[in-house]
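Accompanying notes for the structure given below.
The values are calculated or read from the model by the stated rules, or taken from the named source; none is laboratory data. Note that the coordinates shown come from a computational prediction; the quantities given were computed from them, not determined experimentally. Heads up, the Cβs are rebuilt from the backbone with ideal geometry, glycines too, and the neighbour counts pull from every protein chain shown. Side chains are part of the model used for accessible areas, which takes the heavy atoms of the whole protein and leaves out ligands, DNA and RNA. Shrake-Rupley method; radii C 1.70, N 1.55, O 1.52, S 1.80 Å.
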Amino acid sequence: MKRAAGLWGYRYPALGVGLFLALWWAGSLCYGSFILPSPWEACAALWRLTLTGAVGKAALVTAGRALGGFAIAALLGSGIGILAGLRPALAQTLRPVTAMLLGIPPIAWIVLAMLWFGTTGLTPVFTVVVTALPIVFAVAVEGARTRDRGLEDMARSFGTPPVMLFLDVRLPHLLSYLFPGWVTALALSWKVAVMAELLASTNGIGASMALARINLDTADALAWVIVLLVMLLAVELLVLEPLQRRMEPWRDAAASAR
């Protein structure tokens, strides 16, 4: 019974996916396969690329760059952001730097990275780090700045050890800000990594899309887009969401109480 109820809960997402595929198919009928291949043609191209081994190699390269850059940005941004949220003077000092980093478009960082690192793997990783880091930093600052000081004072009055104070009082509040920021930064990391590979790399999903563009193969280009979406959803659903449920059990309790 619970299983059926859980499946029934996915009816609206399934409806949204079905509507998207229907619109895609209708667009293919209107504009032709050269401009917009049908979903079936894109899936056929994806299957062909998978059988040749191209998907696995490119996906591993792009995943390493995107996740590596995201991990660096998440660690640095979260750590420095929390420290800045606890120290207003540091937050004021770093605010102009954060604003400048947020204002610079990723394509500008890619151009600079190409001049500094050439067509190496450092170009996508660097671009991901400088693009995602200010986002994580901003949410970490806000999370630390808006902490419940009254609750902390009450915990101290009961003699709560500093480690327990951080884990049981501060950390849940910080995670409620950090997880949405991490998800946003992760999605941006994939986009930026592929963009950097498309312009400044000889391997990875972005480089494969550049090759499809040169060959005027729209079906292959869409197949690589599907690969990118599947990878992004897999990381979010299989890694971030279980981690969030484990570290924020109060969310599930609140949802079940409604």
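At residue 31 and residue 52, where each label point lies 7 Å from the Cα along Cα→Cβ, what is the point-to-point distance in nanometres? Here the modelled spin labels are 2.4 nm apart.
Using the Cβ-Cβ distance between residue 100 and residue 21 with R0 = 51 Å, the FRET efficiency computed as 1/(1 + (r/R0)^6) comes to roughly 0.75.
Solvent exposure of residue 194, expressed as accessible area, is near 10 Å², computed with a probe of 1.4 Å over the protein chains only.
Ranked by solvent-accessible area (1.4 Å probe, protein heavy atoms only, all chains present), the residues 33, 201 order from largest to smallest as 33, 201.
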